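**Q** Below: one structure in structure tokens.
Taken together, the values in this text are just the output of simple stated rules run on the coordinates, not laboratory data. This is a predicted model, so every value here is computed, not measured. In this analysis, Cβ positions are derived from the backbone assuming ideal geometry, glycine residues included, and neighbour counts consider all displayed protein chains.
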Amino acid sequence: MANTTYTPGLGNLPFGDQNANPEGSHYAQLSQFTAQETYLLEKARFKAIYDNAPQQFNALKLLFAGGMDNIETVNSTEFEFYEHSFGRSAIQALGTAAAIAPVVGASQTQTFNLTAASLTRISRDKIILYPDGSKGTIVNIAGNTVTVNSHTGFGLSQVFAGDVFAVQSTVVADGMDYFSDYSRLDTIQRHNYVQFFLRGERWTDVEIQKFKNLGTTNYMKIQKGQKMKQLRTDMFNCYWNGQRGEVQISGGYVAKTMGGIVPTMIGAGAANVPTTTPALKSTFEILAFSTNHKAEGATRMVYGTDEMLYEFAKAFKHPTLQYTPNDSIAKLNLKKLTLGSSDYVLVPCELFKERSCFEASWGRKIIVLDQESIEPVIMKGIPAVRMGQTDNLDKGSREDFTDWWVKSQLSMKFNNPNGSFIMQF
């Protein structure tokens with residue numbers, strides 16, 4: 001075959017950049033151009049495939065800050081855990097009672113009804129504190145009616161339905177021949193299930209060899225790493241938003257699912273308050289004080305997207321400081337705000353707005369957690385994460401493919417969910 005012959009300078013040149021395109025060129029395949037392709041050129045490609053998946057896994061790292069080896073283990077896929085309350089509760093009036101004036105040297109008496117729940121929290125010979133700060137002593141309980149005596153020389157305040165009384169203390173007199181207060185500690189029983197996760201991929205015998213022989217990028221290495229990343233995201237999603245229960249899956253199989261942080265909070269009646277950006281500061285302050293069960297100077301974590309945490313910091317107009325605990329969390333470069341006597345650490349979680357992981361409302365949440373009350377859990381005797389591959393023809397199997405897989409398990413304990421809260425914008 002003759003060589004291509006042409007005369008330079010007369011236009012319509014068969015060569016030049018416009019026709020120097022490798023096979024599969026995006027430019028040459030556009031119909032509005034008349035470019036050519038040639039097998040003599042190789043596509044210019046970067047050997048590394050860029051990972052554009054969300055990078056903000058700080059929230060997951062923080063939840064597992066102690067390392068996978070330090071996760072609490074249980075003996076089964078179902079487990080129980082317990083907590084107890086403060087051990088005392090306020091009482092509430094169901095009925096009303098008129099105020100009684102004081103009489104010098106005498107004690108006055110008043111009766112009114114209590115709610116049914118209050119009757120399990122009170123006994124005789126306890127000093128109660130009225131809403132206005134005055135005091136009385138319960139001397140008798142009959143049905144849902146209590147009889148209250150005033151201090152000697154004092155009167156008793158008016159009682160309205162719904163009034164809440166603090167229980168100040170018990171009181172005992174010298175020489176008494178009976179005990180009037182008997183109580184037992186009430187416990188709250190909680191439970192959860194361990195959930196298992198799996199990601200896999202299959203490569204046929206010839207296909208995998210072609211990728212080894214002819215591969216132009218690091219696709220196979222990236223593909224394996226992606227399995228672990230997606231499994232970790234599965235765990236992250238369920239740790240936050242898993243619903244405890246059972247699912248019917250393909251093949252007639254049944255699997256248990258774990259309860260996550262937010263569904264556990266909602267199920268326990270934790271504060272889940274709608275608010276607006278202008279009301280952010282006041283809403284947060286109310287919830288922070290009403291749910292604070294921690295010691296003075298303690299730390300709670302504030303989770304949200306960058307956008308929501310920016311609004312949070314802006315609302316308080318406080319400078320953020322570096323959060324430097326004495327553990328691996330220090331490597332996450334987190335910032336904190338000090339409000340009153342407590343620290344609030346801002347934990348960016350951009351995955352909350354990722355629609356392939358959470359519904360749209362999550363991108364507008366601020367979730368404040370008492371981190372120390374949450375503990376990851378796995379079943380004893382099975383590694384938290386396992387990975388491997390099936391045998392192929394080279395290993396004596398009749399199957400001419402290899403399955404690569406990674407499998408994990410996870411659950412959690414969440415003691416006192418009411419010590420945390422959610423703000424929804």
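**Q** Would you be so kind as to identify which of T152, V103, V139 lies farthest towards the positive end of the dipole of the range 91-184, taking Lys and Arg as +1 and Asp and Glu as -1 on Cβ and the Cα centre as origin?
**A** Of the listed residues, the answer is V139.
**Q** Add +1 for every Lys or Arg and -1 for every Asp or Glu among the other residues with Cβ under 14 Å from the Cβ of R88, and state the total.
**A** Spelling it out: positives minus negatives among the neighbours equals +1.
**Q** Right, here's the next one. Using a cut-off of 19 Å between alpha-carbon atoms, which aspartates and glutamates can reach K353, once sequence neighbours fewer than 8 places away in the same chain are excluded?
**A** D51, D234, D306, E307, E311
**Q** Related question: Starting from a Cα-only point model with no solvent, please compute log10 I(q)/I(0) by Debye for the range 91-184 at q = 0.20, 0.24, 0.25 1/Å.
**A** Each listed q maps to, in turn, -0.96, -1.33, -1.42.
**Q** Same structure, new question: Rank these for me by crowding, R386, R232, R124, going from fewest to most other beta carbons within 10 Å. Walk me through the numbers on the way to the answer.
**A** Numbers: R386 12, R232 18, R124 15.
By the 10 Å Cβ count, ascending: R386, R124, R232.
**Q** Would you mind working out the magnitude of the charge dipole of the range 116-246 relative to its Cα centre, with +1 at each Lys and Arg C-beta and -1 at each Asp and Glu C-beta, to the nearest 20 Debye? Write down the numbers at each step before the final one.
**A** On the way: 16 positive and 12 negative charges, 266 e Å.
For the range 116-246, the charge dipole is close to 1280 debye.
**Q** Quick one: dipole size for the range 91-184, taken about the Cα centre, charges +1 on Lys/Arg Cβ and -1 on Asp/Glu Cβ, in debye to the nearest 20. Mind dumping the intermediate values first?
**A** On the way: 5 positive and 6 negative charges, 37 e Å.
Dipole of the range 91-184, to the nearest 20 debye: 180 debye.
**Q** Given +1 on the Cβ of Lys and Arg, -1 on the Cβ of Asp and Glu, and no further charges, what dipole in debye does the range 332-409 carry about its Cα centre, rounded to the nearest 20? List each step's numbers first, then the result.
**A** Working: 11 positive and 12 negative charges, 54 e Å.
So the dipole magnitude of the range 332-409 works out to roughly 260 debye.
**Q** Still on this structure, I have one more. Please state, to two decimals, what the Cα-based radius of gyration of the range 170-324 comes to when divided by 2.2 N^0.38 Å (N = residues).
**A** Normalised by 2.2 N^0.38 Å, the Cα Rg of the range 170-324 equals 1.76.
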